[in-house]
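Computed from the coordinates by the stated procedures, all read-outs in this text should not be read as laboratory data. Not measured: the values here are computed from a predicted model. Backbone-built Cβ (ideal geometry, glycine too); neighbour counts: all protein chains shown.
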Amino acid sequence: MAALDLLGRRWALRILWELLASPAGFRELQGRCDGMSASVLNTRLRELRQTAIVTLDAERRWALTPLGHELIDALFVLYRWSEKWAVRLSSADPSEARPKPERLTRKTPRSVADLS
């Protein structure tokens, strides 16, 4: 869940997307991410670096690590699923497309013992 927490933070996915295109220096990356403040970018890059998803190369450019590329591959699987889901949702009878409220509630396990 820590990975989802990190990826759910503001601008994290956008930074990864921009670094997928090519490595970038701080100012260049900030320019690619319209409207992101320098402090937020600095914080996100620090968090992503601490988790070995991005690195700062010898030329002072930010880049995805091999682990970061693996993460992008996993996100593309989710993206492809969401595309199929969206098509299915848009073509379904609206009454069938909505999840039943009882299926939306799920207890979060408090420990590993609760999973069984």
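Details
- Remark: region 2-80 carries a charge dipole of roughly 220 debye about the Cα centre, counting +1 on each Lys and Arg Cβ and -1 on each Asp and Glu Cβ.
- Region 29-65: trypsin sites (Lys or Arg not before Pro) falling in loop per DSSP and having at most 12 other Cβ within 10 Å: R60
- Given charges at beta-carbon only (K, R positive; D, E negative), |dipole| of region 15-60 in Debye: 140
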